[in-house]
Each structure stands twice: as structure tokens, then as C-alpha cells.
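Undergrad: Okay, handing you the structure first.
The values are calculated or read from the model by the stated rules, or taken from the named source; none is laboratory data. Not measured: the values here are computed from a predicted model. Note that we place each Cβ from the backbone using ideal geometry, even for glycine, and neighbour counts take in every protein chain shown. SASA here: full protein model, heavy atoms, side chains in, ligands and nucleic acids out. Shrake-Rupley method; radii C 1.70, N 1.55, O 1.52, S 1.80 Å.
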Amino acid sequence: MSEKKLLEVKHLKQHFDVPSGLKTLKLKAVDDVTFDIHEGETLGLVGESGCGKTTVGRSILQLYKPTAGEVYFDGELIQGKKTIREFRKKAQMVFQDPYSSLDPRMTVSDIIGEPLDVHKLYSNRAERDEKIKYLMDLVGLSSEHASRYAHEFSGGQRQRIGIARALAVDPKFIVCDEPVSALDVSIQAQVVNMFEDLQAKLGLTYLFIAHDLLVVKHISTRIAVMYLGKMIEIGPANEVYHNPIHPYTISLLSAVPVPDPNIARANKRIHLEGDVPSPLHMPSGCPFRTRCPRACAECAESMPELKEVRPGHFVACHKAEG
Amino acid sequence: MKKNNETLPKKNPLSLQLDVSKFELATEDEKFLQQRMRPSTTFFKDGMRRLSRNKIAMTCLCILIVIVLIVTFVPMFYPYDYSTQLGITPGQPVDGSFKNLKPFEYSSTELARIEAGEKIFPHIFGTDALGRDYAIRVIYGTRISLIVGLFASIIVLIIGTIYGSISGYYGGKVDLVMMRIVDIIYSLPDLLMIILFSVVLKQTLNLEGTVLEKLGVGMISIFIVFALLYWVGMARLIRGQILTIKQQDYVLAARSIGAKGSHIIRRHMLPNCISVIIISTALQIPSAIFTESFLSFMGLGVSMPMPSLGSLASEAIDGYASYPYRLIIPAIAICLIVLSLNLLGDGLRDAFDPKLKK
């Protein structure tokens with residue numbers, strides 16, 4: 001892994017307007033998120049449902065127009081139609097649901113060939129077929145299946161088709177939006193291993209979004225934790241997994257199921273009080289303070305900044321101590 | 001059997017446990033025989049297969065095919081013409097015996113020629129008050145009605161699809177404005193509009209010397225009215241479909257690839273609402289035929305001497321007491337076409353709508 005920053009996200013904000021009666025409320029799906037992804041690494045992004053993980057991924061890829069903030073790719077600011085079009089060749093996405101992310105009226109070769117068609121990446125028909133065959137090989141699909149429709153495949157195979165489509169433009173960076181959540185466990189392992197193989201073979205960089213902490217720990221170089229649209233902890237995978245600092249991360253990790261019942265019984269599960277506040281009415285200061293066992297007056301006043309508590313390990317908490 | 005059992009633990013006589021020794025491994029050949037690859041099927045093939053199982057729809061399809069064949073080919077070799085008044089030959093006195101013949105009846109001159117050994121094609125449905133063969137007029141009228149139905153539906157299809165998909169895809173303010181326009185058009189009473197249009201167009205349109213002259217102002221105004229008014233239903237339907245499809249991940253995936261709006265509409269959205277398009281077009285044809293018949297009946301449709309089913313029925317009203325078959329024949333033709341198309345449309349919906357899939 002090089003130290004070169006491939007992707008820099010600075011103060012990214014993504015707010016949505018939600019009409020409520022006569023007023024329009026702001027839904028702060030992502031609020032002031034800053035992080036970098038180094039070339040060749042996998043950044044795992046975790047958090048509970050509705051915390052803005054997916055929105056971060058989509059905003060980075062400019063599928064939503066960010067409300068504020070900048071995204072730099074390879075040192076270049078992503079802005080304007082032309083840059084975005086070029087950016088689409090370098091950054092791709094793998095979707096969560098392998099059922100709805102493939103057009104039911106298209107054959108596999110058309111699905112995989114679509115990025116090639118859009119960017120006109122071939123000079124003749126034979127070259128296109130050759131490339132599709134290569135991509136299908138790469139993700140472990142038999143090229144005899146090229147003329148079949150997506151509904152004729154199982155979940156794992158469909159996800160492979162989705163990955164082949166993302167790889168068609170030879171991207172450097174892939175946002176994996178919960179790519180294994182919809183698959184059953186044995187298939188999850190196959191697909192996760194394939195992601196690792198592809199990374200080694202093609203030198204890819206991933207932003208791996210998931211809510212399964214074990215999967216994220218397995219594949220990630222670094223882990224970032226989000227809560228209510230804010231990034232609250234980021235650091236090397238082992239460090240975050242074994243020495244979490246933010247109270248939310250601690251409770252999140254205590255909820256990871258352990259396959260050994262003896263250890264599981266010995267572990268104390270940390271239960272959080274209350275519910276996640278509505279992102280339409282965010283609490284002042286730190287968003288986690290309403291459920292935090294360590295909350296104090298300071299937490300209600302200001303949002304803590306991410307600060308380096310241990311080398312490479314950043315935490316956004318007033319009470320965090322190395 | 002007993003020998004093998006010795007190695008296994010003793011079995012309870014009532015146990016349902018399977019005897020492993022009775023099983024043997026399948027050979028490679030046997031495994032191969034078990035492989036069943038379902039042939040790859042397309043959406044269209046699948047739908048047609050289901051349609052072909054629907055007896056009512058298939059009967060209707062056959063009736064429609066027969067009607068289309070008749071109206072296309074019969075006029076080519078039919079001995080009479082829809083506009084020729086029989087018994088009128090230039091330079092000779094008018095032969096009145098051709099008027100108002102009953103089915104299969106011959107005029108006195110024809111009878112005389114038959115006596116002389118000539119063969120004469122019968123007037124299957126008789127002749128009308130002007131001495132024109134009625135069978136060919138009905139065939140011609142059916143042809144006109146079908147053409148009106150088909151073309152009006154195509155116009156509606158094209159305008160409605162383009163308008164609806166643009167409105168649905170771009171959404172927001174564009175959608176709001178476009179749909180309010182649709183609402184305004186929808187709220188206008190269509191028959192009043194058609195009557196006004198045909199009256200105004202008759203005076204303003206100058207068709208003399210053009211190809212369109214033969215069609216007549218009435219037909220042109222029907223097409224214009226369909227183009228202006230009837231696409232709104234289709235546009236709403238397509239918009240609704242597009243709005244649902246827009247939420248699908250594969251549209252987002254296409255955007256993340258870098259596809260433009262027109263590409264997404266063409267490659268992803270329209271193919272996915274093709275079933276709705278097929279069905280509503282099939283159901284649009286009979287409604288267009290019915291409107292045309294209705295207008296012709298009121299005297300606003302095709303212009304003389306060209307017949308349409310509606311105008312034939314309208315003319316027949318006068319002599320209804322003496323010649324009821326002249327009203328019944330075109331009425332049956334209208335019913336047959338409209339009913340067949342409606343039932344076929346229903347069959348298509350059952351076959352192509354994935355939500356009704358069993």
C-alpha cells in the first residue's frame with residue numbers, strides 16, 4: 001500500500017429537502033465528512049442503517065450532487081460535466097441488491113458491455129465480445145452464459161455480473177455498497193475473496209460499505225465508523241476492531257456475534273439507551289450525546305472534531321483519551 | 001443385504017432409517033442425463049407462449065387476421081367497386097333495376113344476361129339506394145375503420161410515449177408543468193373538440209390536389225384530434241411506469257457508468273414498460289375505431305363516397321324498416337372488431353404483465 005492519496009473527501013455535505021407540511025426540512029444525510037483513501041487500500045465504512053454510509057458512497061461518485069464539500073481524485077477536483085464523465089471511467093460502483101441492479105430485459109453480455117458502449121471503448125464488435133469474455137472470466141462466470149438474462153442466475157452469480165460491469169471501464173477505485181449483504185454466508189465468503197483477488201490482480205482501491213463488522217474487518221485496511229451522517233472514528237482495521245475508543249464503536253463491536261458460546265457468554269454486551277434520533281431533528285453538538293454513557297455538558301455545545309488519539313487512529317469525541 | 005448390515009449398528013425394525021447399502025453412486029453418464037438446462041427464453045417469447053395458451057385471445061386473433069386478410073385482398077379481385085353506381089353507363093338511359101336489391105338478388109338486366117348464358121357475380125349483401133354493391137362497401141368501410149384505428153393508435157403511442165417518458169424521467173418542475181398541461185387537455189370534453197375541429201378544419205384545410213384529398217377532411221380531422229387529445233391517457237400511463245422504474249438500482253447503475261438521459265430512457269426504461277405499451281395500444285385501437293364510427297354516424301367522419309362502418313350504419317337508418325340488414329351488417333362488423341381487439345388486449349395484458357404471472 002502506497003502513501004499516495006487516491007481519493008480525498010473534504011467537508012462533504014449531502015442534505016436533502018424533505019417537505020413537511022408547508023415547511024421544508026433539511027435531512028442531513030451526510031454532514032461534514034472528511035477522509036482520505038490511499039491507493040491500493042480498502043477502507044471499510046460501517047454504521048447502522050440510515051447513518052448515511054450509502055449516501056457517502058453515492059455522493060463521492062457524484063450520483064447525488066453534493067450540497068457542499070469537495071472530492072479530489074488523483075489530486076484533481078471532481079467538478080463539472082467533463083471531469084465527472086472522465087471520473088466515471090476511473091471510479092465505479094457495485095450495488096447492494098443483485099436483483100434490482102441488473103436490468104431484467106438485458107442479456108448478461110449487454111449488461112457487461114453497457115459501460116463499453118457508453119464510453120465507446122472498442123473499435124469493432126469482435127473487440128467488444130473479446131472484452132466481455134475476458135471480464136466474465138475474471139469474475140468466474142462461464143462465457144457460455146453471455147446470452148442469458150439476469151433472472152436466470154443465482155444471487156452470487158448476479159453479484160459477479162454486477163462486479164464485471166463495474167470492472168468494464170478498467171477503474172482504479174470501486175465503491176462497494178454492501179455488496180455481500182444480500183447474499184447468504186457461504187456465497188458472501190466467495191464474493192469477498194473474489195474482491196481481494198481482484199484487488200491484488202488489478203491494483204484496485206475499495207471503499208467497502210457494510211454493516212457486517214466481521215466482513216469489514218476481514219477485507220479492510222482501515223475502518224471508518226459513521227453515526228447519523230458524521231464520521232466518528234477512523235483508523236487501521238485491527239486498531240479500531242480491538243481498541244475502539246468512541247463509545248458508539250465500543251457498543252457496536254460488543255454486538256458482533258461470537259461463534260464460541262463460552263466466549264459469547266463471558267462478553268458483556270453494551271446496550272445503548274433509547275433510539276437513534278431522527279436525522280431531521282439532530283441533537284445539538286455531538287449527535288451521539290443523547291445515548292452516550294459518557295455525555296457531559298460540553299457534548300451538547302459543540303461537535304467534537306476528529307483528533308488523532310493514537311497514530312493513524314482518529315476519534316471524534318470530547319472524552320477520548322489515548 | 002444382511003451381510004452389509006452386519007457392519008452397521010442394529011436397526012430397529014420400525015425405524016425409518018434408510019439403508020445406505022441400497023444406494024450406489026451415480027456414474028458420470030447418469031449425472032449428465034440429470035442435467036437439465038432450461039433453454040434461454042426472452043421476455044417476448046415467454047409472453048407469446050402464455051398468450052398462445054389463452055383460447056379466447058387466440059380466437060380473437062384469428063378473427064382479426066381473417067378480417068384483415070379479407071379487407072386487404074378481396075377488393076383486388078372483387079368485380080364491383082365501392083363507388084360505382086351499377087346501371088349507370090354514360091350515353092345510355094339509367095337502369096333503375098340495380099337499386100335496393102336484396103342479398104343475392106339480381107337486377108332485371110343481369111337476369112337477362114344470365115338467361116343468355118353469362119355468369120354474373122352475385123350481390124352478396126344486395127345493393128344500396130344508389131345501386132352500389134353493398135358487400136364491397138362493407139369491406140371497404142371495415143378497411144377504413146381499421147386504418148383509422150391503427151394510425152390513430154400509432155399517433156397516440158408515439159406522442160404519449162415520448163411525452164410521458166420525458167416527464168417521468170426529468171421529474172420535478174418539468175414533470176409538474178408537463179402533467180398540468182395533460183390535466184388541462186384531459187378535462188376538455190373530447191367530442192365537443194372533435195366536432196369543432198372537423199367543422200373548422202373543413203373550412204380552413206385546403207387539401208385539393210394533394211394525396212390527402214382522397215382521405216377527406218373528416219379523416220384528417222380525426223387524426224389531428226387523436227394526435228392532439230387522445231395521447232394524454234398514454235402519457236400518464238408511461239409516466240407512472242417510468243417513475244417506478246426510475247427508483248430501480250439498474251437505472252442508478254447506468255448513471256454511475258456515465259450514461260446520458262436519452263440512453264437510459266431508450267435502453268432501460270422503455271424496454272421495461274413495453275408490456276404496458278403493447279397492452280394499451282391494443283386497447284386504444286378499438287376505442288379509436290369506435291370514435292371514428294361514431295363520428296361518421298354523425299356525419300363528421302369520412303367524406304362521400306368513401307364508406308366507413310359508421311357512415312354505412314348512418315345511411316342505413318333511413319331505410320331501416322325495409323332493409324334492416326344494411327344496418328345490422330356494419331353493426332356486426334364493428335362489434336366483431338371492437339370485441340376481438342378488446343379481448344385480445346386483455347389476453348396480452350394477462351400474458352405480458354409480470355405482476356399477473358402465476
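Undergrad: Out of curiosity, is A:Arg269 open to solvent by 40 Å² or more (accessible area, probe 1.4 Å) and farther than 27 Å from A:Gly57 by Cα?
TA: Criteria met by A:Arg269.
Undergrad: Going by what's in this entry, would B:Ile265 be described as assigned to a helix (DSSP H, G or I) and farther than 30 Å from A:Lys81 by Cβ?
TA: Here the answer is no, as B:Ile265 does not meet what is asked.
Undergrad: Then there's this: Whether any residue in the range B:275-282 is open to solvent by less than 20 Å² (accessible area, probe 1.4 Å), within 12 Å of another protein chain (Cβ to nearest Cβ) and out of contact with any helix residue (DSSP H, G or I) (no Cβ under 6 Å at 6 or more places or on another chain) is what I want to check.
TA: Among the residues of the range B:275-282, not one is open to solvent by less than 20 Å² (accessible area, probe 1.4 Å), within 12 Å of another protein chain (Cβ to nearest Cβ) and out of contact with any helix residue (DSSP H, G or I) (no Cβ under 6 Å at 6 or more places or on another chain), which makes the answer no.
Undergrad: Select the helices (runs of 4 or more DSSP H) contained entirely in the range B:38-124, then report the ones holding at least 2 residues which are touching a helix residue (DSSP H, G or I) at 6+ places or on another chain (Cβ under 8 Å) and open to solvent by less than 50 Å² (accessible area, probe 1.4 Å).
TA: By residue number, B:43-53, B:55-77.
Undergrad: So, of the residues in the range A:105-115 that are within 9 Å of another protein chain (Cβ to nearest Cβ) and β-branched (Val, Ile, Thr), which turns out to be surrounded by the most Cβ atoms within 10 Å (Cβ to Cβ)?
TA: Step by step, filter the range A:105-115, then rank; the result is A:Ile111.
Undergrad: Can you tell me how many residues within the range A:2-28 are over 18 Å from A:Glu41 (Cβ atoms) and of a type in the set (Ser, Thr, Tyr)?
TA: Number satisfying all stated conditions: 2.
Undergrad: Is one or more of the residues making up the range A:111-126 more than 22 Å from B:His263 (Cα to Cα) and part of a helix (DSSP H, G or I)?
TA: yes
Undergrad: I'm trying to understand the selection: among the residues of the range A:61-104, which are open to solvent by 50 Å² or more (accessible area, probe 1.4 Å), free of Cβ contacts under 8 Å to residues at least 40 places away in the same chain and facing chain B (nearest Cβ under 10 Å)?
TA: A:Arg85, A:Glu86
Undergrad: Given the criteria closer than 30 Å to A:Val9 by Cα, surrounded by fewer than 21 Cβ atoms within 10 Å (Cβ to Cβ) and in contact (Cβ under 8 Å) with a residue 24 or more places away in the chain, does A:His119 qualify?
TA: yes
Undergrad: While we're here: Which of the residues spanning the range A:202-214 are open to solvent by 10 Å² or more (accessible area, probe 1.4 Å) and in contact (Cβ under 8 Å) with a residue 40 or more places away in the chain?
TA: Matches in the range A:202-214: A:Gly203, A:His211, A:Leu213, A:Leu214.
Undergrad: Regarding A:Pro261, is this residue in contact with a helix residue (DSSP H, G or I) (Cβ under 7 Å, 6 or more places away or on another chain) and open to solvent by 50 Å² or more (accessible area, probe 1.4 Å)?
TA: The answer is no for A:Pro261.
Undergrad: When both residues are 6+ apart or on different chains and their Cβ atoms are under 6 Å apart, which pairs have a first residue that lies in the range A:274-288 and is closer than 20 Å to A:Asp17 by Cα, and a second that is hydroxyl-bearing (Ser, Thr, Tyr) and open to solvent by 60 Å² or more (accessible area, probe 1.4 Å)?
TA: As it stands, the answer is A:Pro277/A:Thr290; A:Pro283/A:Thr290, since those pairs meet every condition given.
Undergrad: Same structure, new question: Among the candidates A:Gly162, A:Gly140, which residue alone is closer than 30 Å to A:Asp184 by Cβ, within 24 Å of the chain's Cα centre (by Cα) and assigned to a loop (DSSP other than H, G, I, E, B)?
TA: A:Gly140
Undergrad: Of the residues B:Ile238, B:Ile242, B:Ile257, which is modelled with pLDDT of 85 or more, buried (at least 22 other Cβ atoms within 10 Å of the Cβ) and within 12 Å of another protein chain (Cβ to nearest Cβ)?
TA: Exactly one residue qualifies, and that residue is B:Ile257.
Undergrad: Considering only residues that are at pLDDT 85 or above and charged (D, E, K, R), which ones fall in the range B:126-149?
TA: If the condition is that a residue be at pLDDT 85 or above and charged (D, E, K, R), then B:Arg137, B:Arg143 are the ones that fit.
Undergrad: Okay, moving on. Which residues, counting only those in the range B:125-177, are surrounded by fewer than 24 Cβ atoms within 10 Å (Cβ to Cβ) and among the basic types (Lys, Arg)?
TA: Within the range B:125-177, B:Arg132, B:Arg143, B:Lys173 qualify.
Undergrad: Moving on. What residue, among those in the range A:272-288 that are under 25 Å from the mean Cα position of the chain (by Cα) and either under 23 Å from A:Asn243 (Cβ atoms) or of a type in the set (D, E, K, R) (or both), is most open to solvent (accessible area, probe 1.4 Å)?
TA: A:Asp275
Undergrad: Taking into account only those residues within the range A:122-160 that are within 11 Å of chain B (Cβ to nearest Cβ) and of a type in the set (A, V, I, L, M, F, W, C), which is surrounded by the fewest Cβ atoms within 10 Å (Cβ to Cβ)?
TA: The residue in question is A:Ala146.
Undergrad: Something else now. Residue under question is B:Leu176, and the condition is that it be without any contact (Cβ under 8 Å) to a residue 12 or more places away in the chain, in the same structural domain as B:Thr281 (by TED's automatic domain parsing) and more than 25 Å from B:Ile332 (Cβ to Cβ); does it hold?
TA: Answer is yes for this residue.
Undergrad: Moving to a separate point now. Is it fair to say A:Ala210 is within 18 Å of the chain's Cα centre (by Cα), within 12 Å of chain B (Cβ to nearest Cβ) and at pLDDT below 90?
TA: no
Undergrad: Follow-up question, since we're still on this one. In the range A:161-186, how many are of a type in the set (Gly, Ala, Ser) and open to solvent by 10 Å² or more (accessible area, probe 1.4 Å)?
TA: 3
Undergrad: Among all residue pairs at least 6 apart or on different chains, which show Cβ distances below 9 Å where the first residue, located in the range B:289-305, is modelled with pLDDT under 80 and the second is among the acidic types (Asp, Glu)?
TA: Going by the 9 Å Cβ cut-off, the qualifying pairs are B:Gly301/B:Glu292; B:Val302/B:Glu292.
Undergrad: Continuing with the same structure: Surrounded by 14 or more Cβ atoms within 10 Å (Cβ to Cβ) and among the polar types (S, T, N, Q), is that true of A:Thr42?
TA: So A:Thr42 passes the test.
Undergrad: How many residues does the range B:316-332 hold that are surrounded by 21 or more Cβ atoms within 10 Å (Cβ to Cβ) and within 16 Å of B:Ser145 (Cβ to Cβ)?
TA: Residues flagged as surrounded by 21 or more Cβ atoms within 10 Å (Cβ to Cβ) and within 16 Å of B:Ser145 (Cβ to Cβ) within the range B:316-332 amount to 3.
Undergrad: In addition: Would you check which residues across the range B:236-276 are of a type in the set (Lys, Arg), closer than 18 Å to A:Gln62 by Cα and in contact (Cβ under 8 Å) with a residue 60 or more places away in the chain and list them?
TA: Passing the criteria: only B:Lys246.
Undergrad: Continuing with this model, one more query. For B:Ile289, state whether it is out of contact with any strand residue (DSSP E or B) (no Cβ under 7 Å at 6 or more places or on another chain), surrounded by fewer than 22 Cβ atoms within 10 Å (Cβ to Cβ), more than 10 Å from chain A (Cβ to nearest Cβ) and part of a helix (DSSP H, G or I).
TA: no
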